[in-house]
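Data block below; observations after.
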Amino acid sequence: VVGAGDDGASVELDSGVLFRNRRTQRIAAATSRDVNLFKFGGYHSAYPGQTFIAEVFVRGQRTRLEGGGPWLAAETSSGRGELLATGKAYASGFRDNGEWHRITAAVHAPPKASRIRVSFGIDGAAGTFWFSEPFIGEAEFPLPTDAAYRTTGYVPPAFEANQTFFAQASVDPQDRNANLKVAAVTGRVTDFRARPLPHTAIATDDPLFVAVTDAGGRFRLTVPAGRNLRIRAFPVDQAAVVSDAVRLAVGQRLDIDMHVPPPPANPQLVNGGFNQFNRHEAGLVPGWTTFGTTDGACASGKMIFEVPSFEGEGLYFAQSGSNTKNGGAHQLVVAVAGRKYRLSGRVYTRTEGGGKQPLDNNCRLGIDPTGGRDPRSPDVIWTPAVESDQKWTPIAVEATATTERITVFLSHEMRRANTWNLTLFDDVRLDSLP
């Protein structure tokens, strides 16, 4: 599938340029726009806690790199295609010399992961590029190119380029080549707040060896000795961090701590009125990331009760019948440390059914002044939980940013499986206070 924004004319299967006697995917790129292709795995092709690794080969002709150039991403998504984790890597030392360059990547699947996705493309580059043999699979099995490093007597199966993306090989991951000489890299991965990043995939580039950080962000990665390698950290929802090249002797241990820079963020709150929405998939809300069990954004009056929005064409909703939904959405915004911010919005709740108790169906807004994205974190400052009793009601909360990022949350809680529970949000605003 061609990525959003691409016209489709710049990509084509090419039988004239072959890699390992297989046709390739040609991409004609321009620096004025990025190009990408992707393919999803089936439902339940990924599960939380799994680690996936990927590879692809690329070469170029008459290329000019102004940005990152050719890249590969191993990704996981929810069942409806919302990306949850991306391990994106660029071709290290890419040269327009007619040679094929290998790109590898890794990703650790977070909660709610249901599908895998592999993507490749071009960022900030012009010229013609050819990609071949994209592959993604479970980290317990070696990449086809790395079979000699990982196992004894294993011959990779044949993969039809651009057709078979997902495959497994029945090998024992403990059956490592007895002749392989190894070393070890240990370290700790922290975020821009200097907090540990657990569940982060750690991987070498070529060959690809992989590990995952523990609850304290620490890792131990076995690597082949005598090879020039780069160590890469692929946090669940942040950009990858890459070390300088290292070369270790047999039995050597090297400590490398990796610090992840602040993640990309909107310069200001976007789509606070939820007037941008996906008519075919409510859970894909432009500008926002959902969490827990929730619905999303839709047009005014399109819920179980035809409630008009407070403003504009859309609103955010969560609804259930004889059931509960507890979740919400968040958005990361650029901030100035030490500055106070005010988050405000309108909420609407309606509950039907006998036995209703106070706050059975409540909602709130929150700010994490540290820029964290966990709604369960004690860092989040919340409004009191409120029910609006079938009328649009204003609520607001204030917090002082402690870093260059803040996160805004909207959250709904349905404590009982009433006959009908409906929660709405609209006109959410974030203001900087003097």
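Among the residues of segment 367-385, those that are within 17 Å of Arg342 (Cβ to Cβ) and either among the polar types (S, T, N, Q) or not in a loop (DSSP other than H, G, I, E, B) (or both) comprise Ile367, Asp368, Ile381, Trp382, Thr383. Test Arg80 against the stated conditions and say whether it is surrounded by fewer than 19 Cβ atoms within 10 Å (Cβ to Cβ) and in contact (Cβ under 8 Å) with a residue 12 or more places away in the chain. Yes; evaluated as a whole, the condition is true for this residue. Among the candidates Gly372, Gly353, Gly321, which residue alone is within 23 Å of the chain's Cα centre (by Cα) and surrounded by fewer than 22 Cβ atoms within 10 Å (Cβ to Cβ)? Matching residue, one of Gly372, Gly353, Gly321: Gly372.
Scanning segment 251-260 for residues that are in a loop (DSSP other than H, G, I, E, B) and modelled with pLDDT of 95 or more turns up Gln252, Ile256, Asp257, Val260. Is there a residue being closer than 21 Å to Ser119 by Cα, surrounded by 16 or more Cβ atoms within 10 Å (Cβ to Cβ), in the same structural domain as Ala105 (by TED's automatic domain parsing) and at pLDDT 90 or above anywhere in segment 161-178? There is no residue in segment 161-178 that is closer than 21 Å to Ser119 by Cα, surrounded by 16 or more Cβ atoms within 10 Å (Cβ to Cβ), in the same structural domain as Ala105 (by TED's automatic domain parsing) and at pLDDT 90 or above.
For segment 293-311, the condition of being buried (at least 16 other Cβ atoms within 10 Å of the Cβ), at positive phi and assigned to a strand (DSSP E or B) holds for at least one residue. Applying the condition of being in contact with a strand residue (DSSP E or B) (Cβ under 6 Å, 6 or more places away or on another chain) and among the polar types (S, T, N, Q) to segment 236-260 and asking which residue is farthest from Gly87 (Cα to Cα) yields Gln252. Can you name the residue in segment 93-138 that is in contact with a His (Cβ under 8 Å, 6 or more places away or on another chain) and of a type outside the set (Lys, Arg) and, of all such residues, is surrounded by the most Cβ atoms within 10 Å (Cβ to Cβ)? My answer is His108.
When Thr222 is tested against the conditions (1) within 24 Å of Lys112 (Cβ to Cβ); (2) polar (S, T, N, Q); (3) surrounded by fewer than 21 Cβ atoms within 10 Å (Cβ to Cβ), the lone failure is (1).
The residue of segment 217-242 that is modelled with the highest pLDDT, among those that are closer than 14 Å to Ala183 by Cβ and of a type in the set (Gly, Ala, Ser), is Gly226. Checked across segment 246-257, the condition of being over 20 Å from the mean Cα position of the chain (by Cα) and without any contact (Cβ under 8 Å) to a residue 60 or more places away in the chain holds for at least one residue.
In segment 177-230, counting only strands (runs of 3 or more DSSP E) that sit wholly within it, the ones holding 2 or more residues that are among the small types (Gly, Ala, Ser) span 182-190, 201-204. Can you find even one residue in segment 54-69 that is under 30 Å from Trp288 (Cβ atoms), of a type in the set (S, T, N, Q) and touching a residue at least 24 places away in the same chain (Cβ under 8 Å)? No, every residue in segment 54-69 fails to be under 30 Å from Trp288 (Cβ atoms), of a type in the set (S, T, N, Q) and touching a residue at least 24 places away in the same chain (Cβ under 8 Å). Per the conditions (1) at positive phi; (2) assigned by TED's automatic domain parsing to the domain that holds Thr351, the sole criterion not satisfied by Gly251 is (2).
The values are calculated or read from the model by the stated rules, or taken from the named source; none is laboratory data. Just so it is clear, the structure is predicted and the values come from calculations on it, not from any experiment. Cβ coordinates were reconstructed from backbone atoms using ideal geometry, including for glycine residues, and neighbour counts include every protein chain displayed.
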